[in-house]
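The values are calculated or read from the model by the stated rules, or taken from the named source; none is laboratory data. Model, not experiment: these values are computed from the prediction. Cβ: placed from backbone, ideal geometry, glycine included. Neighbour counts: every protein chain shown. Just the protein is used for accessible areas: all its heavy atoms, side chains included, with ligands, DNA and RNA removed. Shrake-Rupley method; radii C 1.70, N 1.55, O 1.52, S 1.80 Å.
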Amino acid sequence: MEEERYVRILQEHGIKPTANRILVAKSLASARRPLSMTELEATIKTIDKSNIFRSLSLFKEHHLVHAIEDGGGQGERFELCHGHGGEGDEDVHVHFYCEKCHKTFCMDNTPIPVVDLPEGYLQRSASFIVSGICPDCREKTPR
């Protein structure tokens, strides 16, 4: 049943559902936070790095995932878009980067402030990263 859901999502974005693409989409969805290529490779042991990269590139091209750079040195991190319109990235929200565990979290209910651009500029996406310590790491840190 769950596989049918990912087949449908891929098809809604104009992506041919293959076993590898379904597995990459499932892995991103189950993570519940943006993942780097390294984290995806560690999660998906049955697909090589080049196939994961090709799937992610195709997903970006078809607006199924969006990529963020959190400044943590892991390169881009990827997450499934919440909306599935296929025409653009409507998932404009704040991300939080934990300086201790080096994980990035979505702050879905914290929108990026509106930026009033000068005339002639067209915004296609926005990125807003807040850095600090996540709740789990704060609990582990002695006071």
### Query
Picking from Glu41, Glu12, which residue would you name as being touching a Gly at 6+ places or on another chain (Cβ under 8 Å) and either open to solvent by less than 10 Å² (accessible area, probe 1.4 Å) or not polar (S, T, N, Q) (or both)?
Glu12
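Within segment 116-137, can you find the residues that are of a type outside the set (S, T, N, Q) and closer than 19 Å to Ala67 by Cβ? So that I can check it myself, show each step before the final result.
Quick first cut of segment 116-137, residues of a type outside the set (S, T, N, Q) only: 116-122, 124, 126, 128-130, 132-137.
Once the filter is applied, which keeps residues that are of a type outside the set (S, T, N, Q) and closer than 19 Å to Ala67 by Cβ, segment 116-137 yields Arg124, Ala126, Phe128, Ile129, Val130.
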### Message
Can you pull out every residue in segment 112-130 that is hydroxyl-bearing (Ser, Thr, Tyr) and surrounded by 12 or more Cβ atoms within 10 Å (Cβ to Cβ)?
### Response
Ser125, Ser127
### Query
For segment 45-54, does any single residue satisfy the condition of being at pLDDT below 90, under 19 Å from Ala29 (Cβ atoms) and surrounded by fewer than 19 Cβ atoms within 10 Å (Cβ to Cβ)?
no
### Matching residues in segment 19-55 - criterion: being under 10 Å from the mean Cα position of the chain (by Cα) and more than 21 Å from Lys100 (Cβ to Cβ)
Leu28, Ala29
